[in-house]
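Before any comments, here is the structure.
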């Protein structure tokens, strides 16, 4: 998208970042760069940053789906949208604890 830019933050607990993942992070950075985006892998934040990220995240609407794959994706997930939401919530709880 000419004239547009973004920043992809790969945020995960430090315990989930291993030295052997360096190649994966480099590949993600290359893909982001190919889209004209910046890329950062982040292992931790200062405590006040969480509320700022929540606020910024809430401001990123309207979301775009240029490839229009959401319907196909949700149709492929056993249980559909509700099952996917439950999975995401479960994964978020596991990664934050």
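The values are calculated or read from the model by the stated rules, or taken from the named source; none is laboratory data. Keep in mind that what you see is a predicted model, and the values were worked out from it rather than measured. No Cβ is skipped: glycine too gets one built from the backbone with ideal geometry, and neighbour counts run over all protein chains shown.
Here are the criteria: (1) in the same structural domain as residue 5 (by TED's automatic domain parsing); (2) over 18 Å from residue 5 (Cα atoms); (3) at pLDDT 85 or above. Tell me which single one residue 38 does not satisfy.
Evaluating residue 38 over (1) in the same structural domain as residue 5 (by TED's automatic domain parsing); (2) over 18 Å from residue 5 (Cα atoms); (3) at pLDDT 85 or above leaves (2) as the failure.
Which residue out of 89, 93, 81, 46 is more than 25 Å from residue 15 (Cβ to Cβ) and either part of a helix (DSSP H, G or I) or at pLDDT below 85 (or both)? Please lay out each step first, then the result.
Numbers: 89 fails: more than 25 Å from residue 15 (Cβ to Cβ); 93 fails: more than 25 Å from residue 15 (Cβ to Cβ); 46 fails: more than 25 Å from residue 15 (Cβ to Cβ).
Only one candidate qualifies: 81.
Identify the single condition in (1) surrounded by 10 or more Cβ atoms within 10 Å (Cβ to Cβ); (2) part of a helix (DSSP H, G or I) that residue 55 does not satisfy, given that it satisfies every other one.
Result: residue 55 fails condition (1) only.
If the requirement is being in a helix (DSSP H, G or I), in contact with a strand residue (DSSP E or B) (Cβ under 7 Å, 6 or more places away or on another chain) and either exposed (fewer than 10 other Cβ atoms within 10 Å of the Cβ) or touching a residue at least 24 places away in the same chain (Cβ under 8 Å) (or both), which of these qualifies: 41, 75, 28, 32? Don't jump to the end; show me each part of the working.
Details: 41 fails: in a helix (DSSP H, G or I); 75 fails: in contact with a strand residue (DSSP E or B) (Cβ under 7 Å, 6 or more places away or on another chain); 28 fails: either exposed (fewer than 10 other Cβ atoms within 10 Å of the Cβ) or touching a residue at least 24 places away in the same chain (Cβ under 8 Å) (or both).
Answer to the check: 32.
Answer with yes or no whether residue 52 is at pLDDT below 90, closer than 19 Å to residue 91 by Cα and outside the structural domain of residue 94 (by TED's automatic domain parsing). Lay out the reasoning, then the answer.
Values: at pLDDT below 90: yes; closer than 19 Å to residue 91 by Cα: no; outside the structural domain of residue 94 (by TED's automatic domain parsing): yes.
So residue 52 fails the test.
Identify the single condition in (1) surrounded by 11 or more Cβ atoms within 10 Å (Cβ to Cβ); (2) on the phi > 0 side of the Ramachandran plot that residue 84 does not satisfy, given that it satisfies every other one.
Tallying (1) surrounded by 11 or more Cβ atoms within 10 Å (Cβ to Cβ); (2) on the phi > 0 side of the Ramachandran plot, residue 84 fails exactly one: (2).
What are the residues in region 1-25 that are assigned to a loop (DSSP other than H, G, I, E, B) and over 18 Å from residue 91 (Cβ atoms), if any? Walk me through how you get there before you give the answer.
Taking region 1-25 as the starting set, the residues that turn out to be assigned to a loop (DSSP other than H, G, I, E, B) are 1-6, 12-13, 17-18.
Correct list: 1, 2, 3, 4, 5, 6, 18.
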